[in-house]
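Heads up, the thing below is written out as structure tokens.
The values are calculated or read from the model by the stated rules, or taken from the named source; none is laboratory data. Because the structure is a prediction, the values reported are computed rather than measured. We place every Cβ from the backbone using ideal geometry, glycine too, and count neighbours over all the protein chains shown. Ligands, DNA and RNA are excluded from the accessible area calculation, which covers all protein heavy atoms including side chains. Shrake-Rupley method; radii C 1.70, N 1.55, O 1.52, S 1.80 Å.
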Amino acid sequence: MTSKKKENAQVVSQERLAQDIYSMWIKTEAAAEAKPGQFISMYTNDGSKLLPRPISICEIDKENGSLRVVYRVTGKNTGTEEFSKLQAGDTIPVIGPLGNGFPAEKAAGKRAFLIGGGIGVPPILELAKQMECEKKQIIAGYRDAETFLREEFEQNGEVYISTEDGSVGTKGNVMDAIRENALEADIIYACGPTPMLRAIKTYAEENGIECYISLEERMACGIGACLACVCRSKEKDHHSNVHNKRICKDGPVFLSTEVEI
């Protein structure tokens, strides 16, 4: 992947989707090359916060040169809180697109699961929009009835919801929704918290299903130089000569059998 340079992206629009979930469209050169599953690094305008925040790409509008990011505000005085205060016309420094994306083409002619949990839900939307397969089954896991992006998902496939409190869909997690609805697939794409991905990886391997997972991890540089965001891998990494992969550079999407989580 070619090196990326920082640019000042312009905010097109911003809206609140749920209690702590925000959606922002930005005009950026990154839209020209972006693929489902990639991310951008967004910098705050606060000089005391040197490191950017990696935010996954939710939607891509190549025609208008824009990207949509849907993110969670994680607390006071955080980069994400500052992002939520931006308005149309404001600028924000970004680098991207970064990482690799989901291999959507591998789903051709197959029954697919597209699984998102928590803040891992947004990157599944663009994948659902671009994917062509025999049967597109979107399984989204939420904490409660604030099922952000649900309408967009329903326009792009069969949607199954799980909520931790049972307020919508299946009570429990995404695996509970799969079992309750007796769903089957030939290929799996998933993004979300590590416990969810670990369960999906186990399920896929026990059933001999090809599975691609997007790992969430705290990142520093975002370009593979600092080795702050590594995961265990089956093969030795040529960069560090140990059994690890850099999530920001080699990922965030991996074939599930390549990594240990």
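Summary table below
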{"item": "FRET efficiency for Ser13 and Thr78, using Cβ-Cβ distance with R0 set to 22 Å, rounded to 0.05", "result": "0.55"}
{"item": "Segment 1-101 - Rg and Dmax from Cα coordinates, angstrom", "result": "12.5, 37"}
{"item": "Values of log10 I(q)/I(0), in the order q = 0.12, 0.23 Å⁻¹, for segment 94-194 under a Debye, Cα-only, solvent-free model", "result": "-0.36, -1.23"}
{"item": "Neighbour net charge for Ala107 - beta-carbon separation under 12 angstrom, K R +1, D E -1", "result": "0"}
{"item": "Positive minus negative residues near Glu29 (Lys, Arg vs Asp, Glu; Cβ under 12 Å)", "result": "+3"}
{"item": "Estimated vicinal HN-Hα couplings, Hz - segment 98-111 in sequence order (Karplus 6.51, -1.76, 1.60; Gly, Pro = x)", "result": "10, x, 9, x, 6, x, 4, 5, 6, 8, 3, x, 10, 8"}
{"item": "Apportionment of accessible area to carbon and sulfur, segment 45-144, percent (1.4 Å)", "result": "46 percent"}
{"item": "Accessible area of Arg111 in the full protein assembly, 1.4 Å probe (Å², nearest 10)", "result": "70 Å²"}
{"item": "Global form of segment 25-182, assessed from the alpha-carbon gyration tensor, a/c cut-off 1.5", "result": "oblate"}
{"item": "Cα radius of gyration and Dmax for segment 62-102 (Å)", "result": "12.5, 35"}
{"item": "Added length on full extension, which subtracts the Cα-Cα distance from 0.36 nm per residue, Ala108 to Lys135", "result": "8.8 nm"}
{"item": "Total formal charge among the other residues, if their Cβ is under 11 angstrom from that of Tyr142, Lys/Arg +1 and Asp/Glu -1", "result": "-2"}
{"item": "Charge dipole of segment 29-80 about the Cα centre (unit charges at C-beta), most positive-ward option of Ile57, Met42, Val73", "result": "Val73"}
{"item": "Phi-based couplings in Hz for segment 158-167 (Karplus 6.51, -1.76, 1.60; Gly and Pro marked x)", "result": "7, 10, 10, 10, 10, 9, 4, 9, x, 6"}
{"item": "Average accessible area per residue (Å²) across segment 1-94 - probe 1.4 Å, nucleic acids and ligands excluded", "result": "50 Å²"}
{"item": "Added length on full extension, which subtracts the Cα-Cα distance from 0.36 nm per residue, Ala32 to Arg150", "result": "39.9 nm"}
